[in-house]
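Asks: Here it is, the structure in full.
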Amino acid sequence: TSGGLTGTTGLTGATPLDLPYDITRADLGRLRNVVGRDVSGQLATKGTASGTAETVLLAGTATVDQFAMAGVEALTTSGQYEATVPTATPANMRATVTGEATFVELFDQAVQTANGSVTYDAGRIELDVALSRDPTVSGRLAGNLTLDVEARKVGFDSLTVNFQNAGWKLVPGK
């Protein structure tokens, strides 16, 4: 990992935090123990950490090259992010990522581009992503999921997949 960090920080309470950062290279393979599975790719990000030691606000841009994890691969991914992280309970953070991925493979299916947004809010995930296989074939993936970090499980509250004139919608169990 390489990069730079400058600014001021407060270590307790409401003391202001202002830290611009520029990470030029971070190996995503180091996240294996955090996510519980193999992951690869190279991350670069530039942004600002602000707020206080109790609540950190992150905002910036990022690119990931040669991402691969659990049946998903992307040659290049880029986007903008904003996150509000309560440091005592990081699982309760709120984050939004908006971006685009190119030359994507989703479970052995090729997708030329994917662009949209994903929001995480204290264990709830909302996604809305447009997919394009080529200029004549496009679709959309949208849904609401629940993430249980401790159990490493994802629950699907709703999921809709549309491609051209065909659609599929998850019907929640009763």
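The values are calculated or read from the model by the stated rules, or taken from the named source; none is laboratory data. Keep in mind it's a predicted model, so treat the numbers as computed, not measured. Here the Cβ is made from the backbone with ideal geometry for all residues, glycine too, and neighbour counts use every protein chain on show. Surface areas here come from the heavy atoms of the whole protein model, side chains and all, with no ligands, DNA or RNA. Shrake-Rupley method; radii C 1.70, N 1.55, O 1.52, S 1.80 Å.
Asks: Report which label in (i) 1.57; (ii) 2.29; (iii) 1.14 holds the value of Cα Rg over 2.2 N^0.38 Å derived from the coordinates of this structure.
Replies: Looking at Cα Rg over 2.2 N^0.38 Å for this model, the match is (iii).
Asks: Still on this model: Calculated FRET efficiency, Arg94 and Ala151, Cβ-Cβ r, R0 25 Å, to nearest 0.05?
Replies: Using R0 = 25 Å, I get an efficiency of 0.75.
Asks: Next up: How big is the charge dipole of the chain about its Cα centre, in debye rounded to the nearest 20, if each Lys and Arg gets +1 on its Cβ and each Asp and Glu gets -1 on its Cβ? Could you put the intermediate results ahead of the total?
Replies: Numbers: 13 positive and 18 negative charges, 63 e Å.
The dipole of the chain has a size of about 300 debye.
Asks: Still on this structure: Find the accessible area per residue for region 1-149; the probe is 1.4 Å, ligands and nucleic acids are left out, and the unit is Å².
Replies: Here the residues of region 1-149 average 59 Å² of exposed surface.
Asks: Of all the accessible heavy-atom surface of the chain, with the other protein chains kept in place and a 1.4 Å probe, what percent is carbon and sulfur?
Replies: C and S atoms contribute 57 percent here.
Asks: Then there's this: Between rounded, prolate and oblate, where does region 135-174 land on the alpha carbon gyration tensor, with a ≥ b ≥ c its root eigenvalues, rounded for a/c under 1.5, else prolate if a/b exceeds b/c?
Replies: Taking the square roots of the gyration eigenvalues as a ≥ b ≥ c, region 135-174 is oblate.
Asks: What's the extension gain from Leu19 to Leu159 if we count 0.36 nm per residue and subtract their Cα-Cα distance?
Replies: Taking 0.36 nm per residue and subtracting the Cα distance, the gain is 46.6 nm.
Asks: Further, regarding this structure: Rounding to the nearest 20 debye, state how big the charge dipole of region 124-174 is about its Cα centre with +1 on each Lys and Arg Cβ and -1 on each Asp and Glu Cβ.
Replies: Values: 7 positive and 6 negative charges, 33 e Å.
With only Lys, Arg, Asp and Glu charged at Cβ, the dipole is about 160 debye.
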